Amino acid sequence: MTPRTLGVRSDLIFHRAQGVVTDRGEYLLVRTPDNPTYHWGNFLLFAEAPRAGDLERWAVLSRQEIGEPHEVGHLVFGWDSTEKGEVEPFVAAGFELEHSLVMSTDAVAPPANPNREAELRALASDEDFARAVELQVLIGLEDGFEPDGHRIFRERKIAGYRRMTEAGLGHWFGAFLDGELVADLGLFWEGGLARYQNVSTHPEYRRRGLAGTLLHFAAGYSLDHGLRQAGLERFVIVADEDYFAKDLYRSLGFETLEEAWGVGWHAGLGPLELP
C-alpha cells in the first residue's frame with residue numbers, strides 16, 4: 001500500500017519513528033509497542049474508505065492483528081482517502097466518527113498580534129520535557145481524560161517525541177513566562193513534509209497570542225536547524241473540523257487541502273455491537 005493523502009503521509013512520520021508499520025497490501029498495520037493505550041497508534045489504516053460489509057470484515061482483521069477490542073480497550077480504523085465512505089454501520093455499532101481538516105502552507109506567516117513577552121525555545125533538558133508532560137496532562141484533564149491513565153499515555157508520547165528530537169527529526173518547542181512553560185508544540189519532518197503536533201496553551205494564558213507566535217517561531221527555527229537541508233515542501237497541521245484553532249492556522253497562511261476521516265471506539269463510549 002502506497003500512501004497517497006497528505007494527512008496519512010505526514011501521520012506516518014510519527015508511526016514509523018515511534019512504532020512499527022507493516023504493509024498488508026490492502027491496509028497498513030500500525031503498532032506502537034511502547035504505548036499500547038494510544039488508540040491512533042495501534043490501529044488498521046486502509047487504502048480505501050469503508051463500503052458496505054466492511055465493518056464485519058475490518059473487525060475480523062483487527063481481532064487478528066491488534067486483539068479483542070474489549071481486551072485492548074479500543075478499536076480504530078483509518079483510511080487513506082478523503083472520502084467519508086459508508087460510516088453509518090460503524091456509528092450505529094458504537095464508533096465515534098473522526099473528521100479533521102488537513103491544512104498546509106509552504107511558508108508560515110507571522111501572527112498579526114505576536115506575543116513579545118514569552119521566551120521561545122526548543123526544549124532540551126529533562127526538566128523541559130517534564131514540564132511538557134505536565135502541561136499536556138493539564139490539557140487532558142480539561143478535556144475530561146482519566147488522570148492516571150492519561151499521565152502514563154502523555155509520558156510515553158513525550159518520550160517518543162524526545163527520541164525523535166535526538167534522532168534529528170525535529171523539535172519540541174515551548175513558550176515560557178516567568179520560567180513557567182505556558183504553551184508548547186512539536187514540529188517534525190521527513191521526506192519534505194514538516195508536521196506540527198499538539199498545539200497547546202495553558203488555560204490561564206490563552207488569548208495572548210502564544211500559540212500563533214510559537215507556531216511561527218518553530219517554523220523559522222526548524223528551517224535553520226535541519227529542515228531546510230531536508231528539502232522542505234510543505235508545513236502540515238491537522239485541525240478538528242469543529243475546533244476554533246483552524247481559524248488561527250488560516251491566519252498564519254495555512255489552507256485546507258484535504259478532509260480526513262476515521263472511526264474509533266473505546267470503552268468510555270459505551271457498548272460496542274459488532275456483527
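Overview of values
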{"read-out": "The stretch 153-170, residues that are touching a residue at least 40 places away in the same chain (Cβ under 8 Å) and either touching a Pro at 6+ places or on another chain (Cβ under 7 Å) or open to solvent by 80 Å² or more (accessible area, probe 1.4 Å) (or both)", "value": "156, 163"}
{"read-out": "Options 85, 94; residue that is touching a Lys or Arg at 6+ places or on another chain (Cβ under 8 Å) and at positive phi", "value": "85"}
{"read-out": "Residue among 109, 132, 118 that alone is at pLDDT 95 or above and either hydroxyl-bearing (Ser, Thr, Tyr) or within 25 Å of residue 33 (Cα to Cα) (or both)", "value": "132"}
{"read-out": "Residue in the stretch 53-64 that is among the hydroxyl-bearing types (Ser, Thr, Tyr), over 19 Å from the mean Cα position of the chain (by Cα) and open to solvent by 10 Å² or more (accessible area, probe 1.4 Å) present", "value": "no"}
{"read-out": "Residue list for the stretch 189-222, filter: at positive phi, touching a residue at least 12 places away in the same chain (Cβ under 8 Å) and not in a strand (DSSP E or B)", "value": "191, 192, 209"}
{"read-out": "Residues of the stretch 208-244 that turn out to be more than 16 Å from residue 106 (Cα to Cα) and either open to solvent by 70 Å² or more (accessible area, probe 1.4 Å) or of a type in the set (A, V, I, L, M, F, W, C) (or both), as a count", "value": "10"}
{"read-out": "The stretch 129-141 residues that are of a type outside the set (Asp, Glu), paired with ones that are assigned to a helix (DSSP H, G or I) and open to solvent by 20 Å² or more (accessible area, probe 1.4 Å) (beta carbon under 7 Å, 6 or more apart)", "value": "129/162; 133/154; 133/155; 136/154; 137/151; 137/154; 140/154; 141/147"}
{"read-out": "Per-region count, the stretch 79-103, residues part of a helix (DSSP H, G or I) and crowded, with 22+ Cβ neighbours inside 10 Å", "value": "1"}
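The values are calculated or read from the model by the stated rules, or taken from the named source; none is laboratory data. Quick caveat, the model's predicted, so the values are computed rather than measured. Positions of Cβ are generated from backbone atoms using ideal geometry, with glycine treated the same way; all protein chains shown enter the neighbour counts. Areas reflect the complete protein model, heavy atoms only, side chains present, ligands, DNA and RNA absent. Shrake-Rupley method; radii C 1.70, N 1.55, O 1.52, S 1.80 Å.
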